[in-house]
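Bear in mind these aren't lab numbers, they're just calculated from the coordinates by the rules spelled out. In this text the structure is predicted, and so the values were computed from the model without any measurement.
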Amino acid sequence: MVVIAIIAILAAILLPALPLAKVQAHTTSCLSTFRQWAVGANVYASDDTKGRFPSERPPAGGEDPWDVAGQFVTNMMPGSGITVPLFFCPARPGEYQLAQQRFMAKYHRYLSTPSDLWLYYTTAIPDWGDTDFGLMNQSWWVPRQAGAGTDAYPVPGISGNAADTKGWPTSISDPQVNKEPILTDLLFQPGDLELDSEIGTAVGGHPRNENGNVPSGWGWQNAGMDTQSVNRAYGDGHAVLVPRKQVHWQYSGGGSWSCYY
């Protein structure tokens, strides 16, 4: 009986910590992914005659940081070391599993190539139907134009840590290249909230519970709420893990989604 009691006590102490330990393990893997993105984007820009990061114009979109053009996917991957799994966050493994399931159901093969990924983004997400622009599982912050518009997005706003409103870097020679990220974990929710206090109800990031209660109709690819941290990748080749207390509202896109990192 004594042994059973001891086991029960240990279980009561350890079991609540297991979900958080799992999040931390996935977060470490996610940081490795973001380092590969940082290096890959730097390699891409180094090969460009003007040192530019990928900023291809989507034919349409809501001017949100996850809206990208097909050329972004197909041009970014070859030669940069970026592969299909790197487009999905290890801290939210259900997203990659769901993508593979959806792609297999529609095309009867595994999602594995740049063209496959573009097909997934534009044709295999049931909540959105067929589109002519991609919906990433991360936020790409390099300014770009959309459709026939002449104004670039995203544009900087005033957030909890945005005393510097010069915007995001477009090239490796940009003064902001080591100050503002080019890629972050996707963390968002509907509405032009501009409030850091709302982060707890945002979807994405490194969630405590990936199977959290994501509201129907707006967590189209993302799982989990109550983020514990996010990662940021920078164009100079480095990446950092940011704890929740340092995560702030950054931008509200044309589709009225509040974005955080």
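What the phi angles of the range 39-55 give under the Karplus curve with 6.51, -1.76 and 1.60, with θ = phi - 60°, is a coupling list of 5, x, 5, 5, 4, 4, 5, 5, 7, 7, 5, 10, x, 8, 7, x, 9 Hz, glycine and proline written as x. Annotation: amide H of Leu183 within the under-5 Å range of Trp141, Ala233, sequence separation 5 or more or interchain, hydrogens built in the peptide plane. Share of pairwise Cα-Cα distances greater than 17 Å in the range 28-82 is 43 percent (whole percent).
Structural descriptor for the range 41-101: relative contact order 23 percent, calculated from alpha carbon pairs under 8 angstrom and at least 6 residues apart.
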